[in-house]
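Comments concern the structure below.
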Amino acid sequence: MLVQVDNDVAAREYVQGIYETVVKRNPNETEFHQAVKEIIESLIPVLTKQPKYMKHGILERIVEPERLITFRVPWVNDQGITQVNRGFRVQFNGAIGPYKGGLRFHPSVNASIIKFLGFEQTLKNSLTGQPIGGGKGGSDFDPKGKSDNEIMRFTQSFMTELYKYIGPDTDVPAGDIGVGAREIGYMFGQYKRISGAHESGVLTGKGIIYGGSLGRTEATGYGCVYFVNEMLNSKGLSFEGSTVVVSGSGNVATYSIEKAIQLGAKVVACSDSNGYIHDKNGICLETVRRLKEVERTRISEYVKEHPSATYHEGCNGIWSIPCDIALPSATQNEIDEESARLLVSNGVKAIGEGANMPSTLEAIDVFLQAGVLFGPAKAANAGGVAVSALEMSQNSMRYSWSFHEVDDKLHAIMKNIYRSAVQAAEEYGHPGNLVVGANIAGFTKVADAMIAQGVV
């Protein structure tokens, strides 16, 4: 017992020292600090029980990206004026496979956000059970309001630099916020043009007609709902008859709404970066899709066609709407402590993080202390990268699976992720805490691979 106590003290001191070093080495990178703190503090139980990870300096290595690539992206707008953006790619950890992770185009993108996403992606990819390492990338370019030609010119310039660092067996990017089928298509075309080869496996999220996978578009949203459904079923609950609030109206949100409705829920709210809509009769998904995917306009237009709905400026207010299930699917830190307390007071039963790190550390504490079922992002939103890995497999085989086959594989992967998180949480003394469980389950696989490969 005394040895266990000593190990616990040593683990806590080790973790605190690692965190202080990260903050010192990466000043002002608050998002990265947050991700590191959330993950490594939850690893104290495994470090206590298995001090070999401290002996081998795993945390020192795992919090430091293998490389961070930053580059200039010059392009010309429709007025003939040269614009310059900044591009990023972090190849965070390749211990279990080629780097895998999306590209985000958004004005907020900087080194801190790319590194937090890459670190989270490392454990997320490990949880899928597939041989893929962690990476992430993007640019501070804002695709909103840009013409198709401007998007094409920017993405071609972006890929002209990025192509040097990626490949089917090296680093395989995909889409993320601001990067959908259009952007992936332009980037794949430029990669093919430069390399002179049709290497389908170099990007995922491609169009079906040139190497994409059926089910990839739906995967993150569907996967999140599948994961939340496992949590609900463990307590004798389900989506059937539940009221659901989903933030965002992009790819993840859209397909979360679709699958939740299929499972019998009523989704009453969604949002974009300007504000949110509340439709007490249930969101009409067809209208949302047309507005966002076809007309590329703002969600506020929804109320013109649905008089029962109301539109509200600003995004935080969406969490004031009473619901049984909340699926934050927009961006990082969208649920703060105040919003979390409001959700709890209004009777929320389950949270499924469809976005990356959408809840602050304080908000997560509120949910856990209140006994709310909480699906952390690295587990709940792993469906997208899981199907990206399935797309890579299909590209390697020069073969394609049906939508039903891919969806069945996705469903099985999400169930396995849930079971792995539950088992790890129980094994290390935190039963029911899927934050701890997911972090430990993802970490141990990567850490054991790093030990096996020596100090690299």
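The stretch between Arg296 and Asp78, if pulled fully straight at 0.36 nm per residue, gains 76.6 nm over its current Cα-Cα span. Sequentially through the range 120-135, phi angles give Karplus couplings (6.51, -1.76, 1.60; θ = phi - 60°) of 4, 5, 4, 6, 4, 5, 4, 4, 5, x, 10, x, 9, x, x, x Hz, Gly and Pro residues having no value and appearing as x.
With bins 5 Å wide beginning at 0, the percent of Cα pairs of the range 1-147 falling in each bin runs 2, 9, 16, 18, 17, 13, 9, 6, 4, 3, 2, 1, 0, 0, 0. Relative to its Kirkwood radius, the Cα radius of gyration of the range 148-282 gives an Rg/Rh of 1.09. Residue-normalised convex hull volume from the C-alpha trace of the range 67-198: 98 Å³ per residue.
Would you list Cys270, Cys315, Cys224 from fewest to most Cβ contacts within 10 Å? Don't skip to the end; give the middle numbers.
Working: Cys270 30, Cys315 19, Cys224 33.
Ranking Cys270, Cys315, Cys224 by Cβ neighbours within 10 Å, fewest first, gives Cys315, Cys270, Cys224.
Between Glu426 and Arg182, the simple spin-label model (points 7 angstrom out along Cα→Cβ) gives 4.8 nm.
Please give me the summed charge of the neighbours of Leu214: other residues whose Cβ is under 14 Å from its Cβ, Lys and Arg +1, Asp and Glu -1. Value of the local net charge: -2.
For the range 67-198, the antiparallel share of DSSP beta bridges with both residues in that region comes to about 65%. Quick one: in the range 2-63, what % of C-alpha pairs are over 14 Å apart? That tail contains 53 percent of the Cα-Cα pairs. Here the Karplus relation 6.51 cos²θ - 1.76 cosθ + 1.60, evaluated at θ = phi - 60°, turns the backbone of the range 190-201 into coupling constants of 5, 4, 4, 5, 6, 7, x, 9, 8, 8, 4, x Hz, with x for every Gly and Pro. Modelled spin-label separation between Lys52 and Ser108, with each label point placed 7 Å from Cα along the Cα-to-Cβ direction: 4.0 nm. Across the range 291-337, Cα-Cα distances exceeding 14 Å account for 63% of all pairs.
Tell me, in nm to one decimal, what length is gained between Lys304 and Asp169 on full extension, where the rule is 0.36 nm per residue of separation less the Cα-Cα distance? Before the final figure, lay out each step's value.
Numbers: separation 135, 0.36 × 135 = 48.60 nm, distance 4.89 nm.
Contour length minus the Cα-Cα distance gives 43.7 nm.
On the beta carbon distance between Arg398 and Glu60, with R0 = 41 Å, the FRET formula returns roughly 0.50.
Scalar couplings 3J(HN,Hα) for the range 151-164, obtained by applying the Karplus form with A = 6.51, B = -1.76, C = 1.60 to θ = phi - 60°, are 4, 4, 5, 5, 5, 5, 5, 4, 5, 4, 8, 5, 4, 5 Hz; x denotes Gly and Pro.
Among Lys292, Lys115, Lys349, Lys378, which comes first, then next, by fewest other beta-carbon atoms within 10 Å?
Numbers: Lys292 22, Lys115 26, Lys349 19, Lys378 30.
The order, fewest Cβ neighbours first, is Lys349, Lys292, Lys115, Lys378.
Fully extending the segment from Glu286 to Ser147 would add 47.6 nm, taking 0.36 nm per residue of separation and subtracting the current Cα-Cα distance.
The order of Glu362, Glu391, Glu150, going from fewest to most other C-beta atoms within 10 Å of their C-beta, is Glu362, Glu150, Glu391. Taken over the range 121-166, the percentage of Cα pairs per 10 Å bin, counting from 0 up to the bin with the maximum distance, is 22, 34, 28, 16. A cut-off of 5 Å between modelled amide H atoms, ignoring neighbours fewer than 5 places along the same chain, links Cys323 with Val348.
Mind jotting down a quarter of the surface of the convex hull over the alpha carbons of the range 307-439, in square nanometres, one decimal?
Numbers: hull surface 42.3 nm².
Convex hull of Cα atoms, orientation-averaged projection: 10.6 nm².
Kindly work out what percent of the DSSP beta bridges joining two residues of the chain are antiparallel, to the nearest 5. Write down the numbers at each step before the final one.
Details: 26 of 48 bridges.
For the chain, the DSSP antiparallel bridge percentage is about 55.
Pairs with C-alpha atoms separated by more than 26 Å, drawn from the list Lys115/Lys409; Lys280/Lys304; Lys49/Lys136; Lys115/Lys378, are Lys115/Lys409; Lys49/Lys136.
Values quoted throughout were computed directly from the atomic coordinates according to the rules given, and no laboratory measurement underlies them. Model, not experiment: these values are computed from the prediction. Here Cβ is always computed from backbone atoms with ideal geometry, including for glycine, and neighbour counts include all displayed protein chains.
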